[in-house]
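Each remark here refers to the structure printed beneath this line.
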Amino acid sequence: MSSVNLIESKGVLRNNWNIEVDDYVIACEWAEGGNILLVGDVAGGVNALDGKTGKTLWQKSSIHEGNLLAMRVSPNGKLFATSGQDGCILIGETTEGSVIETIELGQGWVEHLEWSKDGMSLAASISKNVYIFDCKGKEKWKSEQHSSTVSAIAWSRNDELATACYSKVAFYDVIENKTKQTLQWKGSLISMKLSADGDIVACGSQDNTVHFWRRSTGQDSMMSGYRGKPSSIAFDSTGKLLATGGSEIITVWSFENDGPEGTTPGQLCHHQSFVSDFSFAPQGKRLASGARDGSLAVWGLKNDGHGGSIGTSQMSAQVSSIAWRKDSRALAAGDARGLVVTWKVKT
């Protein structure tokens, strides 16, 4: 690994450290309270980097046979999980990198991983099935077979998991082992996020639309006009702002009062090519976004979803992963060439 020179960062972003890993960055996530940055690349490498200096603390290579597909750090930052094309899941501890358990699910790609809010359960999807394991790798629950490949999973509560596939979103009570709610939509759902209280469900669709439901009322709506597939969607920490991709412009909808129906969304314009990833800060109304041309921006938003750029920088290739530190005062991003950059973020 080596460091590289970057285009100067502006606004609230201050260059911290940067480093190159072996391949396309699948995920970068902070662990151990921000003391460690964990980086997973498509070739199966996992690097634990000192959060302050970028020094390599430990490194693993080719942990899966075939590509790494997902990596998630547990809410308390003590554990990490990875999955790959080999049908396996690895659970390890972040400080030393030791593997606690290897779970073999059989043939197929394990594409999605999500820790529950309390970090006691890990959900994973492989093809049409979803599994839940405890933090030591013991199986706790398995779903019925879905009608199509599962495209997204999300926890609404510690005992309730949502899954998305073609034409529907389903909510499962994993303690009682029953389906609690099914939301229908005639189309292929490619992404899904839940608001903080679990009431609003937002999904990007194959037909270049965003569909959302309010679980408490059963009301559903559709947002159209996207030039591409909105595979990137995200709620802020309050669940009142929903950012959606699908072009070089980020569209932000506000759920304040009676919105977003009948309101004009915020339009965030800086990137010259399609947005590839974005993430809300854990605190406040800031959004960090990256695009296929390597451009990166931080936005300051208002309650109505409107706002402007307050910081910019540049990566070496398509921005593939963005992660805020929990205190919202540091930001990390990885790109398609294996470059990992961190910034200090001014308050």
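The values are calculated or read from the model by the stated rules, or taken from the named source; none is laboratory data. Everything numeric in this text was worked out from a predicted model, so none of it was measured. When we count neighbours, we look across all protein chains shown, and the Cβ atoms used for this are built from the backbone with ideal geometry, even at glycine.
Would you check which residues across segment 284-306 are of a type in the set (K, R) and farther than 22 Å from I26 by Cβ and list them?
Correct list: K285, R286, K302.
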Of everything in segment 48-94 that's over 18 Å from the mean Cα position of the chain (by Cα), part of a loop (DSSP other than H, G, I, E, B) and small (G, A, S), which residue is surrounded by the fewest Cβ atoms within 10 Å (Cβ to Cβ)?
-> S61
Select, from G204, G225, G218, G239, the only residue that is under 20 Å from the mean Cα position of the chain (by Cα) and on the phi > 0 side of the Ramachandran plot.
-> G239
Tally of residues being within 22 Å of the chain's Cα centre (by Cα) and either outside any loop (DSSP other than H, G, I, E, B) or β-branched (V, I, T) (or both) across segment 96-114 = 5
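May I ask you to verify whether W213 is aromatic (F, W, Y), out of contact with any His (no Cβ under 8 Å at 6 or more places or on another chain) and within 21 Å of F171 (Cα to Cα)? I'd like the intermediate steps shown before the answer.
Details: aromatic (F, W, Y): yes; out of contact with any His (no Cβ under 8 Å at 6 or more places or on another chain): yes; within 21 Å of F171 (Cα to Cα): yes.
Yes.
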Return yes or no: is K180 charged (D, E, K, R), within 20 Å of D304 (Cβ to Cβ) and part of a strand (DSSP E or B)?
-> no
Taking into account only those residues within segment 110-132 that are touching a residue at least 24 places away in the same chain (Cβ under 8 Å) and among the small types (G, A, S), which is nearest to S151 (Cα to Cα)?
-> S125
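Pick out the one residue from G40, G45, G33 that is in contact with a Lys or Arg (Cβ under 8 Å, 6 or more places away or on another chain) and either buried (at least 23 other Cβ atoms within 10 Å of the Cβ) or more than 21 Å from R325 (Cα to Cα) (or both). Step through it out loud before you land on a result.
Values: G40 fails: in contact with a Lys or Arg (Cβ under 8 Å, 6 or more places away or on another chain); G33 fails: either buried (at least 23 other Cβ atoms within 10 Å of the Cβ) or more than 21 Å from R325 (Cα to Cα) (or both).
Testing whether each residue is in contact with a Lys or Arg (Cβ under 8 Å, 6 or more places away or on another chain) and either buried (at least 23 other Cβ atoms within 10 Å of the Cβ) or more than 21 Å from R325 (Cα to Cα) (or both) leaves just G45.
Let's see how each residue does on (1) surrounded by 19 or more Cβ atoms within 10 Å (Cβ to Cβ); (2) at pLDDT below 95; (3) under 24 Å from P75 (Cα atoms):
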{"site": "G204", "(1), (2), (3)": "yes, no, no"}
{"site": "A234", "(1), (2), (3)": "yes, no, yes"}
{"site": "T244", "(1), (2), (3)": "yes, no, no"}
{"site": "Q272", "(1), (2), (3)": "no, no, no"}
{"site": "Q283", "(1), (2), (3)": "no, yes, yes"}
Select from segment 275-331 the residues that are among the charged types (D, E, K, R) and closer than 24 Å to G34 by Cβ and list them in ascending order.
-> D277, K285, R286, R325, K326, D327, R329
Close pairs (9 angstrom Cβ cut-off, 6 or more residues apart or separate chains): closer than 12 Å to N67 by Cβ in segment 82-109, of a type in the set (K, R) and modelled with pLDDT of 95 or more anywhere | T82/R72; S83/R72
Are any of the residues in segment 331-342 buried (at least 18 other Cβ atoms within 10 Å of the Cβ), polar (S, T, N, Q) and within 22 Å of A196 (Cα to Cα)?
-> no
So, first residue over 18 Å from T312 (Cα atoms) and part of a strand (DSSP E or B) in segment 1-20, second residue at pLDDT 95 or above and of a type in the set (A, V, I, L, M), Cβ within less than 6 Å, six or more apart or across chains; the pairs are I19/V340; E20/L339
Working carefully through the options T163, T182, T251, find the one that is surrounded by fewer than 20 Cβ atoms within 10 Å (Cβ to Cβ) and among the hydroxyl-bearing types (S, T, Y).
-> T182
Determine the pairs where a residue that is more than 13 Å from A202 (Cα to Cα), located within segment 236-260, has a partner that is outside any loop (DSSP other than H, G, I, E, B) and of a type in the set (G, A, S) with Cβ atoms under 7 Å apart, the partner being 6 or more residues away or on another chain.
-> E248/A291; I250/A243; I250/S289
In the list A164, A202, which residue meets the criterion of being in contact with a strand residue (DSSP E or B) (Cβ under 7 Å, 6 or more places away or on another chain), without any contact (Cβ under 8 Å) to a residue 40 or more places away in the chain and among the small types (G, A, S)?
-> A164
